Structure formats: structure tokens, C-alpha cells
1. Among the helices (runs of 4 or more DSSP H) confined wholly to the stretch 203-310, which include 2 or more residues that are of a type in the set (D, E, K, R), touching a strand residue (DSSP E or B) at 6+ places or on another chain (Cβ under 6 Å) and at pLDDT 95 or above?
2. Is one or more of the residues making up the stretch 137-144 among the small types (Gly, Ala, Ser), in the same structural domain as Tyr83 (by TED's automatic domain parsing), more than 24 Å from Leu289 (Cα to Cα) and buried (at least 19 other Cβ atoms within 10 Å of the Cβ)?
3. Where in the stretch 1-96 are the strands (runs of 3 or more DSSP E), entirely inside, with at least 3 residues that are touching a residue at least 24 places away in the same chain (Cβ under 8 Å) and in the same structural domain as Met152 (by TED's automatic domain parsing)?
4. Return the residue satisfying two criteria in turn: it lies in the stretch 46-70 and is basic (Lys, Arg) and surrounded by fewer than 16 Cβ atoms within 10 Å (Cβ to Cβ), and of such residues it is modelled with the lowest pLDDT.
5. Here's a check for you: in the stretch 150-173, which residue that is in a loop (DSSP other than H, G, I, E, B) and not polar (S, T, N, Q) is nearest to Glu194 (Cα to Cα)?
6. Just to be sure I understand, how many residues within the stretch 188-202 are in a loop (DSSP other than H, G, I, E, B) and under 18 Å from Glu279 (Cβ atoms)?
7. Could you tell me whether Ile188 is crowded, with 17+ Cβ neighbours inside 10 Å, under 18 Å from the mean Cα position of the chain (by Cα) and closer than 17 Å to Ala309 by Cα?
Amino acid sequence: MDVLGGLIIDARTLNASQRARLYRMRDQRKLVILAPGRFMLMSDYNRLNERQQETAKSIALASTRPSSALSGRSAAHLLGLPYQFRRRPRTELAYPHKRPPTREDITARTLGPHARLMQIKTDYGHVNVTDYPTTCIDLARWYGEVTGVQAMDYAIRNRKCSKNELLERAALLNRTTGAARARVAAKIANAASESPRESLIKAGLYLRGYRNVWQQVNIEGVREGFIARVDFYLPSSGVVVEYDGAGKYAADPGKDRREYRQTVELQSLGLIVIRVRAEHVQDGRVWELLAKHRHAAPAALEWYGGVRAF
């Protein structure tokens, strides 16, 4: 836990003369204080981007509390799980027993019965973090089902953990705070979502009462044969939802024309096609459109494959 390296300077490893020089540099404002006794040269710190600065600070803080482990968003950041990054976030440290926070920049957590730890190597040394299932479950507990599903879908799809592991860990929570949210997230998590936004849409559909929802479904026309594989298909109302991410067309300039033709063909089969961009999710328009067509008549067509969303 306390093995630091890279650009972080650990005052504990210095002799008396080196520490005296270090504190002179601190007084001259040539150092950034990451945590008590943990420093970085100002010039090095300023070359890091915001996320790298946060990583360095989190690891430095964790090294001053040997019995803790990075958890929640702090663990998600190091594990590469999707989450909503906030400027100047508080470092989340989890302890075996409840501990009151001792600094304004730390959120103290308690390791639940589901928790397991792992040690990872970073550019700034080794650090203990909650493992993938624990971190995913904690994100759902503390930040809601949507955030949890986004992390869980990513972890399952990238084989960091299995759905069964998530279900088993969530079942250990009993009456722990946020246990119900974690169990819902684990229930609807799968490997079918191809981006965090798709995970968000799936979770949003479930939380709004939709149940007969399929992902990555192949649609066929009677004469045309295969037409498209769609992100979401709601067979009871004949609705198709396609998420158009920002980078979807960047590498393939002709893809927008092909997908326009696919949309026309899908509509000719009686399907209602809702194409969604990031701003539609952010401002809630996607849910208004779905509500408008919730009780539409199902379309008569052939479809196969896919994964039931929940």
C-alpha cells in the first residue's frame, strides 16, 4: 500500500539533509503537497492532465492510511471503469471498520460483506483498491443503478468479472445501505451494451417500467432478408432504439448514408425508429419519445438473435 514511485516524492524515504532541502523547496512553492509527507515537483504536476493529477493525489492519500483501500469512483478511475468524472472529486477510501473522515478531500467508506481487495501497479507505485465486482456494486450503492449498470456492463463485456459474481456479491449485502440498488443493477447487467450510453439507456428503460426489451437484435424483411442489427428492440410496441455515439461516423464517412437507408427500410416494415444522441439522453428527450410510442401496435416482421436486456 505504501510503495510509492514515479513522480511522487515520499518524505519518509529521505535522509535528514534531503528532507531539509525538500521542505525548503516546499516553502519556495516549488512542490505540490499531495498528502501529508507526499509531494510532487510543481513543474511535473503541471504537465499532468486533470485525471492524472487526481490519480497521483488519490494514491498519495491512500499511502498515508495503510489500512484503507481506494473505493467507489476513486477505484473505478484506476480500474478503467466508466463513471462520471467530476472536477476536484473527493478521494474515496474504504476501511474494514467505520472511520470518520479526517480531511475535507476524503470520503470515508466502510468495506461491506461483499468487499474484496486487489493490489494494482500504477505509474506512482502500488496501491490497494476494491476489486471489480466490489467497485461496480459500490458505484450502484452510492451513485445509483444507472452508474452501477454502466460499470457492470463494461466489466462483464471486458471479462473483468462475470454476472454471476456480481449477483453473488450483491446478495451478501443484506440490509447494507444501497443494497436494493446494487441488486437491481446486477440483475440487469450484461455484455450486450456496446457503450456506457447504451448501458444508460437500458437502465433507464428498466427503471421506467419497460420489461420486454431486447438488445443487439437482427431484423429481417420478408423480401429484403437481413436489414440491420439494432441496439434495442421493444417487440410489444414495434420500437427500435439506436444510439448514435459521437465517434460512430468519424472512421466511416459513408456509414451515415447506409444507416439512413436502414432506417427507411425499418420504417417500411412498420417499425418506429428512435435515433438517440448524447444530448437526447442528457436532456431527457429520449424518454419523452419512448413514452409517446409506448403503446404503439407491434410490427409484423422477422427478428432473431439478440439478448434479452433484463
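The values are calculated or read from the model by the stated rules, or taken from the named source; none is laboratory data. Note that the coordinates shown come from a computational prediction; the quantities given were computed from them, not determined experimentally. Cβ atoms come from the backbone with ideal geometry, glycine included; neighbour counts cover every protein chain shown.
1. Result: empty, no element qualifies.
2. yes
3. Details: elements: 31-35, 38-41, 91-95.
Passing ranges, in order: 91-95.
4. First, the residues of the stretch 46-70 that are basic (Lys, Arg): 47, 51, 57, 65.
Next, from what is left, pick out any that are surrounded by fewer than 16 Cβ atoms within 10 Å (Cβ to Cβ): 47, 51.
On the way: Arg47: 96, Arg51: 88.
Ranking the candidates gives Arg51 first.
5. Filtering the stretch 150-173 for residues in a loop (DSSP other than H, G, I, E, B) gives 158-162, 172-173.
Filter again for not polar (S, T, N, Q), leaving 159-161, 172-173.
Working: Arg159: 14, Lys160: 15, Cys161: 16, Leu172: 29, Leu173: 28 Å.
Checking each candidate, the answer is Arg159.
6. The first filter runs over the stretch 188-202 and keeps only residues in a loop (DSSP other than H, G, I, E, B), leaving 189-195.
Now restrict to residues that are under 18 Å from Glu279 (Cβ atoms): 195.
The qualifying residues number 1.
7. On the way: crowded, with 17+ Cβ neighbours inside 10 Å: yes; under 18 Å from the mean Cα position of the chain (by Cα): yes; closer than 17 Å to Ala309 by Cα: yes.
Criteria met by Ile188.
Yes/no matrix, rows are residues, columns are (1) within 15 Å of Asp138 (Cβ to Cβ); (2) in the same structural domain as Tyr132 (by TED's automatic domain parsing); (3) of a type in the set (D, E, K, R):
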| residue | (1), (2), (3) |
| --- | --- |
| Ala151 | yes, yes, no |
| Ala155 | yes, yes, no |
| Lys160 | yes, yes, yes |
| Asn164 | no, yes, no |
| Leu167 | no, yes, no |
| Ala170 | yes, yes, no |
| Leu173 | yes, yes, no |
| Thr176 | yes, yes, no |
| Ala182 | yes, yes, no |
